[in-house]
Structure formats: C-alpha cells, structure tokens
Amino acid sequence: MSGAGRGVTPGAGSEAGQGGSAASPGSGQDRPAGANPGVGPDADHGAGAPGPSQADSGAKAEASGPAEDLPGADGARAGSQPGQPAGRRGRRKRSFWREFPVLVVIALLLAVVIKTYAIQAFFIPSGSMENTLEINDRVLVNKLVYDVRSIHRGDIVVFNGDGSWDPGTPPRNTNFLVKFGQGFASMFGFGHPGDILIKRVIGLPGDKVACCDAQGRVTVNGVPLNEQSYLYPGDSPSENRFDIVVPPDRLWVMGDHRLISDDSRDHLGEPGGGTIPENAVIGRAFVIIWPISRWRFLPIPATFEQPALNAAGASAPAAGDAAGLLPTRLEPSSPAAPLALGFAAAVPVTWLQRRTRLRFARRRAARRAARDPAGRPPSA
C-alpha cells in the first residue's frame, strides 16, 4: 500500500540507519569500535517497540489503509457512473417500447372521442357555398358549440340530410355508446355517415323569411339582409320567390352560391316547407384548415347582428318553385386530423401516468429501505 511507502517500518528504519552510517563518516566515529550497529539502546528500542516517530508513522500507515480504500471505492463508483447512463438509456428504451402500445391505444380512443363528440374535419366536394367555401376545402366542425349556446343566424352548419329533404331515415338522437361505436366505425371507413350537407342558417324557429323586397333582398322578420359580403359574385339573393314562417324546432338554410345551391328554397313542397330539423344539425363549421393558403375562420356576417331581426313575425307560408341543384353534400375528411389531435393529447396523458407510476415506485422503494436498514450500504 502507498501508506506503507509513505510511513517508516522498523525494517526500513534499520536499513536507513545503516545507509546513513555508510554515507556519513561522522556517525561511524561516534559509535564505539566493534559495536554492533544493530545492537544498542537505540537499536533495541527500534527492534523491540517502535519509537515515538515510528509509532506515529505506523499510525499513519494504518490510517492510510482505509484512506487508500476510499479512493478505490470512489473509483469504483466513478467507474460505475459511465455505465449508469447506458443502463438508464436501456431501461428508458425498454420502458418506451412498453409504453408505446399504451400511447397508441390512448391516442386512438381520444381520437374517436374528439371526432365523435368535439371536432371533425369535412371535405367540400361542390361549389354551392362558394366563395365562402371552395371545392376541396377542408373545414373543422365544432360539435360542442350548440351544447353551450343556441344556433345563430349566419352560422354555417353541417347537418344530416337524411329525412330532412331527401327520403330516408329521419335523424334521431342516440346515446353515448352508440355514438362512440359509430364514430369508431367511421374512423376506419365503416358505417353509413348519412347524407351530410352544409349551408348557412338564414331563419330560426318563428322567423318570417321572404324574398324579395323592392331591392331584391331577402328579408327576415321584415329586415333586409345585406348579403354582399358572402354571396357569390354576380349572384342575386334569390331567383325563387318565397314567404314562410319557420316552424318550431326547424331552420331555414341557404347556400352562398345561390344560383347553383340546392337549399330550403328548392324544397318548399316537402314536409317542413323546406326547413330542416334542429336536431339534424351536427355542428358549426368554424375554420378552413386546408389548403394552407385558404386558412381562415368563418365568422357570422355583420348583417345578422341587426337587433331588429329578433322581432318575430307571422305569416302563412307560400309555395315556390323547386329546382334540382347542388346540395353541397359533405364527405368526412381522412382521420388524420382527429388522430393527430388524439396523439397530441395522448402524449401528456401517458407522460403524466408514467411519472405518477414512477413516483409511487420510488416511494415504495424508500419505505422498503426504511424497514430494512441492514440492506443499506455501510457509511464511510
């Protein structure tokens, strides 16, 4: 041990004394002739019991033994440190692959929930809502908005046309589990999404909607609408004449490209007089997300903010002409948007549950160590 090298052992002391005698003539002259350099009071003292300086040296040697062991232990710990990150990386890698299926399942479930109950993307296949919505636009539809507020005039709504205008099964409310199952099936292209349409709400229940006044404008409760901000350039408000009071729980809807839009005006002779049931509404289109150059929100035009519109009118409905035009049937967009939202929401959820699980595991380990102190490493 290096402590022994730094300390002075009895054998090393005699050798040093002999070396000193050989090196300095003076020390040899002080001793009597024939005296044994290894015998004498000093020699006996050195050979029998260590002197004060030798005892101190021996104590230092003994003290240096554990001190020598400490750097070795530190070295072992330091040597283990480079291996620990690799072990942690290995554990993290194994942990990631164990957590990945959980992440996928959570993301898929969240995507179905988001698509079914919150937000869904739709593809615009025709031009009956131009120029507000153009062919190949993708819009996001908020399905929760009408749970917190009523439908407003000017809203662009997506609704199920089955039983509204076209023959088919009337829209009906379904429970949570049925909706979830339908959303899960439609996520992968199964099931029948229905005849999904998109139009702008012009009249609410009780409103008197008519066309046209002396300036050729559509009126609601006798108040003319200034529709130039959203009508297709060159279109008149309507080529068809109509005058109807919207029945309870129903809506009067029209497209923005009036010349080619198949809307309430063209279904006056059908049950409901061209209106659609409120419970057929799926949600409100509130933003164009694709293409990027078309990205923008879809606000309610200012003309629908006129306070006089809230005055209800009453009149007998009048029949009008009907024409087969473009109904703007929508197609559900690819599940990429809800899946992306699902993964975005699943990452923090998975991270939180993993952190919570690891925190509980550390607490359990600390409690086990407190109960079994003998298993702790010895203190220095």
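The values are calculated or read from the model by the stated rules, or taken from the named source; none is laboratory data. Quick caveat: nothing in here was measured; it's all calculated off a predicted structure. Note that each Cβ is placed from the backbone with ideal geometry, even for glycine, and that neighbours are counted across all protein chains shown.
Brief remarks follow.
- Test result for LYS143, surrounded by fewer than 21 Cβ atoms within 10 Å (Cβ to Cβ), modelled with pLDDT of 90 or more and assigned by TED's automatic domain parsing to the domain that holds ASP235: yes
- Residue in region 298-311 that is closer than 16 Å to VAL158 by Cα, under 38 Å from the mean Cα position of the chain (by Cα) and outside any loop (DSSP other than H, G, I, E, B) present: no
- If only residues of region 208-251 that are among the small types (Gly, Ala, Ser) and crowded, with 17+ Cβ neighbours inside 10 Å are counted, the one that is nearest to GLY127 (Cα to Cα) is SER238.
- Candidates ASN221, ASN279, filtered to the one that is in contact with a helix residue (DSSP H, G or I) (Cβ under 9 Å, 6 or more places away or on another chain), polar (S, T, N, Q) and touching a residue at least 40 places away in the same chain (Cβ under 8 Å): ASN221
- Taken over region 268-287, the criterion of being surrounded by fewer than 22 Cβ atoms within 10 Å (Cβ to Cβ) and over 40 Å from the mean Cα position of the chain (by Cα) is satisfied by LEU268, GLY269, GLU270, PRO271, GLY272, GLY273.
- Selection status of ALA210, in the same structural domain as PRO277 (by TED's automatic domain parsing), among the hydrophobic types (A, V, I, L, M, F, W, C) and modelled with pLDDT of 95 or more: yes
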